[in-house]
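First comes the structure, then the notes that go with it.
The values are calculated or read from the model by the stated rules, or taken from the named source; none is laboratory data. Bear in mind that the values here come from a model prediction, so they are computed numbers and not experimental data. Because the Cβ atoms are built from the backbone with ideal geometry, glycine has one as well, and the counts that use them run over all protein chains shown.
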Amino acid sequence: MDLAKIAEEYLCSGGSVAVIGASTKNERTSFRIVEFLKEHGVTVFPVNPSYVGQEIAGCPFYSSINDIGKKLDIIDIVVSPKFQGEIEEDLINLNYKPIVWFQPGAENPELEKDLSEKGFTVVSDACIMVVQDLYCSELE
């Protein structure tokens, strides 16, 4: 699936996105991603075990994607590869295959290859905010 199709189906029409590595620190890109997506009608689920019990942009934090309990369209990975240890296992434990998006700086060629081979659609080397803005701004 190409970026235009992903944007059209999930970012322009109110899809659901889990942001793994979200932070309450407003200087972090992950903070801006959560706020930006929510402002553009996307249902956002911040994931970071360090912030469970807190909220960002009115969205409660979750410890892992498996704690969310709802089907997610996109898993947006913001954490660097050295902190991605449990992500593959968490994804495999889902009973569906969401799109897995590696933000710039979070790219992990080995994990991307493994997930692709397991049937996941993988996006890398593209910022989810830029893609949303590029493909959805004319629709808003």
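Looking at residue 42, is it surrounded by fewer than 18 Cβ atoms within 10 Å (Cβ to Cβ), at pLDDT 95 or above, within 15 Å of residue 18 (Cα to Cα) and among the aliphatic types (A, V, I, L, M)?
Spelling it out, it is not the case that residue 42 is surrounded by fewer than 18 Cβ atoms within 10 Å (Cβ to Cβ), at pLDDT 95 or above, within 15 Å of residue 18 (Cα to Cα) and among the aliphatic types (A, V, I, L, M).
Looking only at the range 72-84, count how many residues are among the basic types (Lys, Arg) and touching a Phe, Trp or Tyr at 6+ places or on another chain (Cβ under 6 Å).
Matching residues across the range 72-84 total 0.
Could you check how many residues of the range 55-76 are surrounded by fewer than 16 Cβ atoms within 10 Å (Cβ to Cβ), charged (D, E, K, R) and part of a strand (DSSP E or B)?
Residues flagged as surrounded by fewer than 16 Cβ atoms within 10 Å (Cβ to Cβ), charged (D, E, K, R) and part of a strand (DSSP E or B) within the range 55-76 amount to 1.
Return the pair list, or none, for Cβ contacts closer than 7 Å from residues in the range 100-118 that are within 17 Å of residue 1 (Cβ to Cβ) and surrounded by 12 or more Cβ atoms within 10 Å (Cβ to Cβ) to residues that are charged (D, E, K, R) and at pLDDT 95 or above, at least 6 apart or on different chains.
101/76; 102/112
Give the range 77-105 a look and list any residue that's over 17 Å from residue 50 (Cβ atoms) and part of a loop (DSSP other than H, G, I, E, B), or say none.
93, 94, 95, 96, 97, 98, 103, 104, 105 - these are the residues of the range 77-105 that are over 17 Å from residue 50 (Cβ atoms) and part of a loop (DSSP other than H, G, I, E, B).
With respect to residue 79, determine if the residue is hydrophobic (A, V, I, L, M, F, W, C), touching a helix residue (DSSP H, G or I) at 6+ places or on another chain (Cβ under 9 Å), under 20 Å from residue 8 (Cβ atoms) and crowded, with 16+ Cβ neighbours inside 10 Å.
The answer is no for residue 79.
Name, by its number, the condition in (1) assigned to a loop (DSSP other than H, G, I, E, B); (2) modelled with pLDDT of 95 or more that does not hold for residue 18.
(1)
For a quick check of your reading of the model, give me the residue pairs whose first member lies in the range 10-21 and is more than 10 Å from residue 136 (Cα to Cα), whose second is among the charged types (D, E, K, R) and surrounded by 21 or more Cβ atoms within 10 Å (Cβ to Cβ), with beta-carbon atoms closer than 9 Å and at least 6 apart or on different chains.
As it stands, the answer is 17/76; 18/76; 19/76; 20/76; 21/76, since those pairs meet every condition given.
Out of everything in the range 106-130 that is assigned to a helix (DSSP H, G or I) and under 13 Å from the mean Cα position of the chain (by Cα), what residue ends up being nearest to residue 72 (Cα to Cα)?
128
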